[in-house]
Amino acid sequence: MIQAIRGTKDILPDTMHNWHYIEDVFRKSSAKFSYNEVRTPIFEKTEVFSRGIGENTDVVNKEMYTFESKGGDSITLRPEMTAAIGRSVLQNSLIQQSSVLRYWYFGPFFRYENPQKGRQRQFHQYGAETIGSPYPESDIENIALANDIIKSAGIKEYQLLLNSIGNTESRMKFRQALVEYFSGIKDQLSEDSQNRLDKNPLRILDSKNRNDIEAVKNAPVITDYLDEESSNHFNEVKAGLEKLGIEYREVPTLVRGLDYYCHTVFEFQSSALGAQDSFGGGGRYNGLLQQLGSKKEVPAVGFAMGVERLLLVLEAEKALPENAPVPDFYVICAGDSPREYSLNVINKLRSKGHNVLSDILRRSMKAQFREANKSGAPYTVIIGEDEMNKNILQVKKMETSEQKEISVDDLDYIKF
RNA sequence: GCGGGCGUAGCUCAGUCGGUAGAGCACCAGAUUGUGGCUCUGGUGGUCGCGCGUUCAAAUCGCGUCGCUCGCCCCA
């Protein structure tokens, strides 16, 4: 039997209403904040991501679906959206036409990882980017949108973790202090963290390894290394969130795995998720567009949410809608002769905007009733030879088994 | 890339000491010749994930492999 690619899933009709539910939240919350939807191609030239995300991140190093096109270009299925939007903004000169861009997106992304709970090779993200402003208002608005989505979707148990990793100068000083500290106790670190020491020392901070956690306890804290600009920015972000009543927990060890982040970084967590407790995250990325070739710095903030993870949280909190939509009418034919005639009735109902279901298996009346019952349709319309000849219909209210005879033209006024 | 658990009907699962496969649910039909749900009766549905090996004989034992799942890493 042919199987779907490892780490991919069919989204079948029985769960589709959950997706429609959450997608509706995405649209409505985005609109509240006046964000506009963008759709970019599923694949890009590999350099969009290798330059944008950073060569020594795991995402770029070992998780990208990369292949050569017939023309010889290296092409990659998008593992995230921010770099792709950066490319689009530059290519279309969007920031020249409007000094602030507010974008949101929803779609599939691809990473070559081992699947587990809340982790697939094709997964979906919603995200929003606030591009063009270096000021804390921009961070605040972006986080407020993320928070609005979570609240609107119906999630109650979650945490917003917040940190600042400062501007480049602050981060370099902190990084140096970290390397000095960890080098002194290198033999106490996990093998992974020993490797991270020269590649990406900040990542040691959120290691889950027990020895590392111990070692991190006495490590230098980023907050002590923020210069005036960085700590002012961070303080204003925090003050803004408090003004909006958005609760957060400051976590000085929160760092993120993509190279483009600076200043504000944040993450949304839920205990409903198991090992992948984060269902959304983001931060400021002032340097990204320059990495992609912009002559000027274009400051920006953004976040992404894992939609499968969001749905897992919603399911755990029983916040998902119960039922898929049901038809208004199930049209039943008694015997073979009215079948062709019934098309008129079905068509008439549909043209009035009703959702109609009917049998296409030429089954017995009993079977049609069974299916009508299963479909949840509140009314059945029964057409037999008599009804056809007299131009009338039997309409039955399923819940009460009441049945009335009405003329075809009165279909609209069925009321029981 | 590394580690643990699990693969028997569409679904949830049983299957004793190795003897050629079962239940409930779902689906289909009948009991009721033009009326659903409840009940009863019957039926369809299986290369026991796949391959190799051991054996007179494998769902059962061994090895390999594929898949699912949970975790490490990383991320959403």
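Which residue, of A:TYR135, A:TYR158, is among the aromatic types (Phe, Trp, Tyr), more than 21 Å from A:VAL216 (Cα to Cα) and surrounded by fewer than 17 Cβ atoms within 10 Å (Cβ to Cβ)?
A:TYR135
Looking at the range A:289-306 only, could you name the residues that are at negative phi, touching a residue at least 60 places away in the same chain (Cβ under 8 Å) and more than 10 Å from RNA strand B (Cβ to nearest atom)?
Within the range A:289-306, A:LEU289, A:GLN291, A:LEU292, A:SER294, A:VAL298, A:PRO299, A:ALA300, A:VAL301 qualify.
Would you point out which residue out of A:ILE140, A:ILE149 is assigned to a helix (DSSP H, G or I), more than 14 Å from RNA strand B (Cβ to nearest atom) and either within 20 Å of A:LEU77 (Cβ to Cβ) or not hydroxyl-bearing (Ser, Thr, Tyr) (or both)?
Every option except A:ILE140 fails the conditions.
Determine, yes or no, whether A:ALA272 is within 12 Å of RNA strand B (Cβ to nearest atom), under 30 Å from A:HIS354 (Cβ atoms), out of contact with any Ser or Thr (no Cβ under 8 Å at 6 or more places or on another chain) and open to solvent by less than 50 Å² (accessible area, probe 1.4 Å).
Answer is no for this residue.
Out of all the residues in the range A:94-114, which are more than 15 Å from the chain's Cα centre (by Cα), of a type in the set (Ser, Thr, Tyr) and surrounded by 14 or more Cβ atoms within 10 Å (Cβ to Cβ)?
Correct list: A:TYR112 only.
For the range A:398-416: of the residues being under 45 Å from the mean Cα position of the chain (by Cα) and of a type in the set (D, E, K, R), which is surrounded by the fewest Cβ atoms within 10 Å (Cβ to Cβ)?
If we take residues in the range A:398-416 being under 45 Å from the mean Cα position of the chain (by Cα) and of a type in the set (D, E, K, R), then A:LYS415 is surrounded by the fewest Cβ atoms within 10 Å (Cβ to Cβ).
Please pick out the residue among A:LEU205, A:LEU162 that is in a strand (DSSP E or B), modelled with pLDDT of 85 or more and not charged (D, E, K, R).
Of the residues listed, the single one that is in a strand (DSSP E or B), modelled with pLDDT of 85 or more and not charged (D, E, K, R) is A:LEU162.
Residue pairs, Cβ under 6 Å, 6 or more apart or interchain, first in the range A:182-197 and within 14 Å of A:VAL216 (Cβ to Cβ) and open to solvent by less than 60 Å² (accessible area, probe 1.4 Å), second within 12 Å of RNA strand B (Cβ to nearest atom) and not in a helix (DSSP H, G or I). List them.
Correct list of pairs: A:SER190/A:ASN209; A:SER193/A:SER207.
Identify all residues within the range A:169-214 that are more than 20 Å from A:VAL265 (Cβ to Cβ) and either within 12 Å of RNA strand B (Cβ to nearest atom) or in contact with a Leu (Cβ under 6 Å, 6 or more places away or on another chain) (or both); write none if there are none.
Those that are more than 20 Å from A:VAL265 (Cβ to Cβ) and either within 12 Å of RNA strand B (Cβ to nearest atom) or in contact with a Leu (Cβ under 6 Å, 6 or more places away or on another chain) (or both): A:PHE182, A:LEU189, A:SER190, A:GLU191, A:ASP192, A:GLN194, A:ASN195, A:LEU197, A:ASN209, A:ARG210, A:ASN211.
Would the range A:71-90 turn up any residue that is away from RNA strand B (no atom under 16 Å from the Cβ) and open to solvent by 80 Å² or more (accessible area, probe 1.4 Å)?
Scanning the range A:71-90, I find no residue that is away from RNA strand B (no atom under 16 Å from the Cβ) and open to solvent by 80 Å² or more (accessible area, probe 1.4 Å), so the answer is no.
Within the range A:3-56, work out how many residues are away from RNA strand B (no atom under 12 Å from the Cβ), more than 25 Å from A:GLY154 (Cα to Cα) and open to solvent by 60 Å² or more (accessible area, probe 1.4 Å).
Residues that pass the stated criteria total 8.
Taking into account only those residues within the range A:380-397 that are more than 9 Å from RNA strand B (Cβ to nearest atom) and part of a strand (DSSP E or B), which is surrounded by the fewest Cβ atoms within 10 Å (Cβ to Cβ)?
By that ranking, first place goes to A:ILE392.
On the basis of being free of Cβ contacts under 8 Å to residues at least 60 places away in the same chain, in a helix (DSSP H, G or I) and open to solvent by less than 80 Å² (accessible area, probe 1.4 Å), does A:VAL237 make the cut?
No: the conditions fail for A:VAL237.
The values are calculated or read from the model by the stated rules, or taken from the named source; none is laboratory data. This is a predicted model, so every value here is computed, not measured. Cβ sites come from the backbone with ideal geometry, for glycine too, and all protein chains shown count toward neighbours. These accessible areas exclude ligands, DNA and RNA; they are computed on the full protein's heavy atoms, side chains included. Shrake-Rupley method; radii C 1.70, N 1.55, O 1.52, S 1.80 Å.
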